[in-house]
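Structure record follows, encoded as structure tokens.
Where a number appears in this text, it was derived from the coordinates with a stated rule and is not lab data. Keep in mind it's a predicted model, so treat the numbers as computed, not measured. Here the Cβ is made from the backbone with ideal geometry for all residues, glycine too, and neighbour counts use every protein chain on show.
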Amino acid sequence: MSANSNPNIIDVSGLSPFNHGSQAPLWWGFIGMIIIESTVIATLIASYLYLKMGSISWPPAGTDAPDLLLPTINTVVLLASSVSMHWADSSIERGQQRQLTYGLIISILLAMVFLAVKAYEYSHLDYDWSTHSYGSIVWGISIFHATHVLSLVLKTVFVLYLELRGYFNRQRRLGVTVNGMYWHFVVAVWVPLYLVLYWSPRIL
Amino acid sequence: MQTSDANAATIETTGTSEDVLDRTWQSPPGFPGWFLHVNHRSIGKRFIATAFLFLLIGGVEALVMRLQLSRPGNTLLSPDLYNQFFTMHGTTMMFFFAVPVMEGFAIYLTPLMIGARDMAFPRLNAFGYYVYLIAGVALYISFFLGMAPDAGWFAYVPLSTKEYSPGMRMDVWATMITFIELSALVAAVELIVTILKLRAPGMSLHRMPLFIWAILVVSFMIMFAMPPVMVASLMLAIDRTAGTHFFNVAAGGDALLWQHLFWFFGHPEVYIIFLPAMGMLSAVIITFSRRRVFGYTPLVLALVATGFIGFGLWVHHMYTAGLPQLGSSFFTAASMIIAIPSGTQIFCWIATLWGSRPDFRPPLLFALGFFGIFILGGLTGVMIASVPFDLQVHDTFFIVAHFHYVLIGGAVFPLLGATFYWFPKITGRMMSDRAGHWSFWLAFTGFNLAFFPMHQLGMIGMPRRVYTYIDGLGWNGLNLLATVGAFVFAAGIVVFVLDALISMRSGPIAGRNPWNADTLEWSTSSPPPNYNFREIPVIEGRYALWDATGANPHVVGLRDDRREVLVTTVLDAHPQCISILPGPSPWPLAMAASVSVAFIGMLWSMWWVPVGFALTFVAMIGWHWPRHHVRRPPWEEKERPED
């Protein structure tokens, strides 16, 4: 291009339309979404602790403190899904399609195990959201988080479908990256929620 | 058409490259096409127009209330209707006018001011608008069905719980408030990413116009302030519909939790409305004092400081709720500290105007009106920041006077000035100076006549939110004065709106830069072409047009045949990569409709929530379906021939 000789002109025709990581506006958009969701989580935790502070006994008399064993195992399952997602994520950076496919499938399965265990756990509780404020906030937080895990599964199934159709490759992998970011986020926020829901009634 | 302000129509004849570019960025015409628009100017104009409509509706509600209070024992409004009116007035003005109108201006102006062709996520913009529109229409349908909310715009529990507010009125309020905040949140993310990543080369952070700084700070505030109110209003909604007990004290809930969550949003909300107005004022003052602003850095720091301190004030709305003394003292101090950044800004503007030869045209008049009114509102703010005084005037008309001085002085006057100022850019035509002077003086006089007496009314004990009062309390004269003032104020607004409507069709042609202003939006034609800028400019200084050396540095290499925008680095705006934006799309509307199924359906049954969730997922798939599979593949073809 002849314009290149002019120092006042910046030629951007060589710049890539494939942008990765923090170059991409989409990456920043997801960061924004994560900040918003974190604020929601922080509000829920603050509300839990505020209600707890105002109660004489927490959980209220007649309701047992939550069981630890099953939720802890389930937490490990969810954390493991983040590992497989990271594997999927880093495979496509190296262009390894097959590992991406397997990583996505394993992550989806682990998340579904998490949801199934959760459903089992909550269907065996002797209280629900309309029993008392403890029930309201515990069920509220759990449903909020489980809905996120469910939407992770649905979104990742879509990503998997695109992957099976050969949409992603080493260059075009932003979709996998941001899906993975959001996955790690939903898994990571479970850790403080787990501590608040299952440990705070015992030790605080 | 022979003037220098070549608009889209003339450009078509000048060359094929513009022609292609114009078609690439064109929004589909016609009525069905209306629902496909994603362009930021189109969406921004819709936000502004819809918000002004809500301003008029909310204003009429205020006038009816003033008529009711004009004399003791008046029977124009029943107590029940009066409750609905003040609730709808507050809800409309705060949620459906003030925030959306600022978003509208931000969405319209941001890409033009930073030298971009559109925003980072155009479809998200359109989605936000539909959410806003659907929530607003649903709220007003409930009003006309006689089931408008009636527990005040901050809906304190237990008044707003099922026990004390039976029926669906507060259900409508709680779900629509949760819903509309979605619109603010997507706009915030969109604006932040656009400002951080799409600035033209050369516009490093310290060269950004002050309006853009204000929008950036406000968008961050929205991300932290809106989620708590969404959580709170959702809790209220499910307390009422699904039998949870978040706010039910009998079952271990807590009524004060509502107040904390609401005001943790509610106080920053004031600054969310006020800071964009500060940005507008800076633009107007720079242009009409015809000189560089005094203290750019302190002004930016004041914006950022306000953004932080704004989150530490919420408890000053709750002094009468019986909180610990230490807590109240802390919030008193914080509430007084915020006067420092506000004062800094005011002194910087005065210093800018000082000794300049200001051009007293309507935008500057409205800015000066702001000084008078807002400073009074700020002073009463410092008064009620102190606990003993606040205990005395809490829930009286003194508070009504205070926050109208802050909000109308701090946001509506700058907004009217800004509308006058950017009207030529948006429509291509000028508003009338004569009408502008009339509307300013009517609004300024009327406003003070209406609200100044309310300070006194509050001091002598008139509580807010009473539908009438008895004779002989000494309130009659001041109330009548306030009512007369309200109508004079309304006359000013009517003159302004009529002037805008008439000028839109028959005002004098504006040209590119009628005010000789400094920011980038004035370098393109009025109204801007579909693609905003023929060439993305390279910025040479903080005052893009005033600092231009004439060498006309610019960017080449963006393709004309698809919607390409240049992505630059966050701090220094160095070119980094290219982003390809989506074109017109039906999915934003489909997504907004799906989400509304969940929110509006929730009024009747919780089972609509999973239905809405499923529909939203379908819309999301449609939204994210790779353009590459469904439309012509521009560059993929050679890489993936098997597709």
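Each eigenvalue of the Cα gyration tensor of chain B, multiplied by 5 and square-rooted, gives one semi-axis; in descending order these are 41, 31, 23 Å. Shown in residue order for region B:494-500 are the 3J(HN,Hα) couplings computed by the Karplus curve 6.51 cos²θ - 1.76 cosθ + 1.60 at θ = phi - 60°: 4, 4, 4, 5, 4, 4, 4 Hz (x for Gly and Pro). Please give the FRET efficiency for B:ALA339 paired with A:ALA116, using the beta carbon to beta carbon distance and R0 = 45 Å, rounded to the nearest 0.05. Calculated value: 0.20. Amide H to amide H, with H built 1.01 Å from N, B:ALA510 comes under 5 Å of B:ARG429, B:MET430, counting only residues 5 or more places away or on other chains.
Close amide H contacts of A:ILE10 (hydrogens built in the peptide plane, cut-off under 5 Å, sequence separation of 5 or more or a different chain): B:HIS554, B:VAL555, B:VAL556. Using θ = phi - 60° in the Karplus curve 6.51 cos²θ - 1.76 cosθ + 1.60, the 3J(HN,Hα) couplings for region B:247-259 round to 10, 8, 4, 4, 10, x, x, 9, 5, 6, 4, 4, 4 Hz; x is entered for Gly and Pro. The mean number of partner chain beta-carbon atoms within 10 angstrom of a residue's beta-carbon across peptide A:155-163 is 2.
What lysines sit close enough to B:LYS425 to cross-link, taking a C-alpha to C-alpha distance under 16 Å and skipping anything fewer than 8 places away on the same chain? Here the lysines satisfying the reach criterion relative to B:LYS425 are B:LYS45. Other protein chain C-beta atoms within 10 Å of residue C-beta, averaged over A:134-143: 4. Highest GNM mean-square fluctuation among A:SER22, A:SER13, A:SER133, for chain A modelled with Cα contacts below 10 Å: A:SER13. Taking Cα centroids, how far is region B:398-421 from region B:192-206 in Å? What the calculation gives is 30 Å, centre to centre. Note on B:218-230: average number of Cβ atoms from other chains within 10 Å of each residue's Cβ is 3. From helices alone, chain A scores -23500 deg cm²/dmol at 222 nm; the rule is -39500 (n - 2.57) for each run of n ≥ 4 DSSP H residues, then divide by the residue total.
Taking amide H as placed 1.01 Å from N in the peptide plane, B:VAL567 has its amide H under 5 Å from the amide H of B:GLN576, B:CYS577, B:ILE578, B:SER579, each at least 5 places away in sequence or on another chain.
For the protein assembly as shown, the antiparallel share of DSSP beta bridges with both residues in that region comes to about 75%.
Over all other residues within a Cβ to Cβ distance under 12 Å of B:ASN552, the charged ones net out to -1, with Lys and Arg as +1 and Asp and Glu as -1. Relative protection proxy for B:203-214, B:89-100, from highest mean packing down: B:89-100, B:203-214 (other beta-carbon atoms within 10 angstrom). For the peptides B:545-555, B:225-235, the ranking by packing is B:225-235, B:545-555, with the highest mean count of neighbouring Cβ atoms within 10 Å listed first.
Rg and Dmax, both from the Cα atoms of chain A and both in Å, are 21.8, 82. When you restrict to C-alpha pairs under 8 Å that are six or more residues apart and normalise by the size of chain B, the relative contact order lands at 20 percent.
Please enumerate, by chain and number, the lysines with C-alpha under 28 Å from the C-alpha of B:LYS162, excluding those fewer than 8 residues away in the same chain. Once the sequence-local lysines are set aside, what remains near B:LYS162 is A:LYS52. Coupling constants for region B:551-561 follow from the phi torsions by the Karplus curve (6.51 cos²θ - 1.76 cosθ + 1.60, θ = phi - 60°), and in residue order they are 6, 6, x, 7, 9, 10, x, 7, 6, 8, 9 Hz; glycine and proline get x. Among B:VAL618, B:VAL595, B:VAL157, sorting on how many other beta-carbon atoms sit within 10 Å of each Cβ, with the fewest leading, yields B:VAL618, B:VAL595, B:VAL157. Across chain A, C-alpha contacts under 8 Å between residues 6 or more apart give a mean separation that, scaled by the residue count, equals a relative contact order of 31 percent. In terms of the mean number of neighbouring beta-carbon atoms within 10 Å, the peptides B:414-422, B:163-171 order highest first as B:414-422, B:163-171.
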